[in-house]
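Reading through the structure tokens given below for one structure.
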Amino acid sequence: MNRKFFVMLLLFFALLFSGCGSGSKAEPSQNQNEVTKPTNSVPVKATLESNVPTAIPVSISLELGVAQDIPDGGFSFQPIPGFEMTSFGGMVSMSAPGADADLGPVMQLMGWNNERDTTNEDLYEQLKRDTPMRISPAESITINGIAGLAADISGDNNGKAMLGRAAMIMVNARQQFVLMLGAPKDEWDAVAPYFEAVLASINFSELEMPVPTSNLSAGNYAFTNNNVVQDVIIDQNMAYAATLGGMVAWNLDSGYAMMYTPLQGMGHVSAGSITVCNIPDKRIIVGTLQGLSIYDPATGLWEESSFIPDESKVKTSKVTRLYCDQANKRLLIGYNGLGILNLDNGEFQHLTKAEGLTWDEVRDIAVASKDIWIANGYKGIAHISGNTITNYTLENGMPDERAQSIAVAPDGTVWVGASTGLLSLKNGKWSTYGSDVEAKLSDINEIEISSDGKIWLATGPLNGGRLCQFNLSNGKCESEYKDPDYKAILALDLNDQGLPLYGTSKGLYAFDGNNSNAMQTSEPLISNYVDSFAGGSDGKLWVGTDAGIQVLNPADPGAEQWTSYSKSLSPGMGGNWASAIATSNDGVTWAAIINGEASRYENGSWTSFKEIYSYNTVTVDADNRAWFGDDAKGIIVLNADGSSAMTFTGADGLPSDKVYSLLTDSAGTVWIGTDNGLAKYEQGKLTIVFGKDDSRLPNRYIRDLANTPDGSLLIGMSTGIARYDGNQVEVLLDVLKDGFPDLRLTTLAVSPSGQIWAGTDKGLLQADDLNNWSLLTTRDGLLTNYISALHADSFGALWVGGGGSNFDGGGILLIVP
């Protein structure tokens, strides 16, 4: 068959394929009619007239060939003798010998399963909408007792007139069949009878949806956003960025980037500070949400931070700032105060409020000679000279004690970035450069002083960040750049030429004095705080973050672009922070939005509901009603069309107005978890299952619920897990008795095989036999220990979402067994 024509006709059918699934092989149905061989008496359709004599290049007879079975398409048919036939999957193409490459004659038949319920009218409207040809009004047809629609097609291709006809039949709500014939206008009358003849020969067989398979090999996969830059350090031709999605090492010459997460050896995915230090060989030291991670740039490997004494508690603390004081052989660590590590002998000193600091937070560190200066963010700055600590606050003359950054110039001047502008301390005297200078300085996050004494400032006000090379003599920005995305600048360092490299939540940027050049990775996750998952009826996975909702293919998450929705880009969406998502069998998705309005996604459009503001959880019942639960206001139920259905509070029989979990089981029962017990809604009646005085559960504060493959209900309490079969309660885990007294459960998931996973604030619990529980942490490859969302997909893979807040980060870890 002429490939050019085959491709041309495929364009017709590609339009009909949009939004469709694929077929699978099925045995022919036993209830099909016998194949009827059409004769020359089949009437010719004359809807499209032609006055040009027939000129088909082959002799045509309406005698059809032997019936061909196309199991992948769910149909059988009789072919046209003499036509060249090509079959692929559920599609068959037949072309006349010598057919015109642009026009035919050619006939195609296709059968497949849609991902959603579809009607004949849907197919016709889609044909009219998506085909660039003229389509006639639809006509009703019947094939072996199954109703369908037919329509005539006319138009031209490459300036040549052509005619055609299409039949569209929904064999059932999901199984679709299309037959299409196209030919040059002057040949149409000769070939048109074959449309009716072949159509009359069609018999249908049931076409089953294929069993989905995953393209992923066994192992762990990380999905993070490592463009959320918190700190950056330049070393020769390399820039190392600490981000909420791991560390990124950029080669400034080639622009090549390497990304690192706990899967490569980091201690935690959320990095907030970074420095280069010789200890004694060069190492990149990263401060994370859980201690220090040590990277060897020579080998590309990560090392344990064994030189930090355990009693310092650095290993379990959030490290906010790092400074390598190489001249004095000290590593300075900001974490619940200031840690001072002697790199020669390993001695460690920890300074906190108990030792004389006014505040234990450390936002920035600077060193002049042997003296240490720290900015603590909220209560001024501190000067540490030997064993003496001197604090500067409003009480002793500091103009603004909200200090975010600090630097010491070669002449000994201490520069402080504060909320009201730039402050300087010299010879005991304070000066302020804020709204009164031409530069209009405020909210200074970072200060860097170049080797020639130039002062570079990075700011982060509410209306966006900017760079300013500040001229002290005239109060101007000699060089200035405002972030085009209005993002705060949180990271700053200077290269060998004294020019800035800065970071925002959108990536790393190199500023050449006039222009800013982006250095961004292409990771798909829009935010590192992942708060919810939901599986869709079409097999897609919905991911809720604090920056929006994303949809992906869980079987091949790296092969296609993730679809993202946010309030600013998706009209009708009620907010960004999707704390819970639920999908219905009719393809509708509902989202509970924190600090926003509950939202519904249907047929490509979003709708929000103002009366359901900042609710926490959602489920969809057997009637496709959406149940929204709040941790203070009870439950609001919406009908499938979005109209109000009913509400429930403690006054209506709930154990409490504080609803934390909602779940619909396979029988249609809606289960309701509160801070004071469990209720259910069944057959129009609300009933308390476990109340405040019921002792069968060790804890009545229910955080999450899950269905098990055997039909039981899994109840996740803040301190344990129980299984309920409708009669008996079996306690599977009591953290106070089973060796995990410090953790609190956050979420649950059950795999198709019945394995139970429990997310906690200290890691991930798993149990293969329901008796021996083990706790996985970042030491075992988790990206974070705070697990905020879990989902076990149909392939048995576990999706782990993390992030205790939108400032911590956690990303997604995919565990494929």
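The values are calculated or read from the model by the stated rules, or taken from the named source; none is laboratory data. On a predicted model such as this, the values are computed, not experimentally measured, just so you know. Because the Cβ atoms are built from the backbone with ideal geometry, glycine has one as well, and the counts that use them run over all protein chains shown. Accessible surface areas use protein heavy atoms only, side chains included; no ligands, DNA or RNA. Shrake-Rupley method; radii C 1.70, N 1.55, O 1.52, S 1.80 Å.
In percent, what relative contact order does the chain have, based on Cα pairs under 8 Å that are 6 or more apart in sequence?
Working: 2214 pairs, mean separation 59.1, N = 817.
For the chain, the relative contact order is 7 percent.
What are the equivalent ellipsoid semi-axes of region 720-817, built from the alpha-carbon gyration tensor (square roots of five times its eigenvalues), in whole angstrom, biggest first?
Working: eigenvalues 96, 55, 28 Å².
The answer is 22, 17, 12 Å, longest axis first.
Find how much the distance from residue 63 to residue 586 grows on full extension, using 0.36 nm per residue of separation minus their present alpha carbon separation; answer in nm with one decimal.
183.9 nm
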Residue-normalised accessible area of the chain, expressed per residue, 1.4 Å probe, Å²: 42
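Give the residue list of GluC sites (Glu not before Pro) in region 370-438 that are DSSP loop and have at most 14 other beta-carbon atoms within 10 angstrom. Display every interim value, and only then the final one.
Values: sites: 395, 401, 438; in loops: 401, 438.
Answer in residue order: 438.
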Region 697-776, relative contact order [Cα under 8 Å, separation at least 6], %: 21
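Pairwise over distinct Cα atoms, reciprocal of the mean inverse distance: report the Kirkwood radius of region 278-351 in Å, one decimal place.
Hydrodynamic radius (Kirkwood, Cα only) of region 278-351 equals 12.3 Å.
Translational diffusion coefficient, Stokes-Einstein: compute it for the chain using the Kirkwood radius over C-alpha pairs as Rh, at 10 °C and 1.306 mPa s, and state it as an integer in µm² s⁻¹.
Translational diffusion coefficient: 51 µm²/s.
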Label-point separation in nm, residue 518 to residue 158, each point 7 Å along Cα→Cβ: 4.1
Lys/Arg +1, Asp/Glu -1 at C-beta; the chain dipole; positive extreme among 697, 617, 499: 499
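Using every Cα-Cα pair within region 89-161, state what percent have a distance larger than 17 Å.
Values: 1600 of 2628 pairs.
The proportion of pairs with Cα distances above 17 Å equals 61 percent.
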Count of Lys pairs (Cα-Cα under 17 Å; at least 8 positions apart or interchain) in region 407-508: 5
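Going by average Cβ density within 10 Å per residue, which order do the peptides 639-645, 612-618, 168-174 take, highest to lowest? Mind showing how you got there, number by number?
On the way: 639-645: 13.6, 612-618: 22.9, 168-174: 19.3.
Packing proxy ranking, top to bottom: 612-618, 168-174, 639-645.
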Relative contact order, percent, region 628-719 [alpha-carbon distance under 8 Å, six or more residues apart]: 20
For residue 563, solvent-accessible area (1.4 Å; no DNA, RNA or ligand), Å²: 60
For region 372-394 and region 116-135, distance of Cα centres in Å: 72
Whole-percent carbon and sulfur share, accessible surface of the chain, 1.4 Å: 45
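Considering only DSSP states other than H, G, I, E and B, which GluC sites (Glu not before Pro) in region 317-382 qualify as loop sites with at most 14 other Cβ atoms within 10 Å?
Passing both the DSSP loop test and the Cβ count: 347.
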Aspartates and glutamates whose Cα lies under 17 Å from that of residue 762, excluding same-chain neighbours fewer than 8 positions away: 531, 704, 734, 738, 742, 780, 808
Zero-based 5 Å bins, Cα pair distances in region 364-464, whole percents: 3, 13, 25, 27, 19, 8, 3, 1, 0
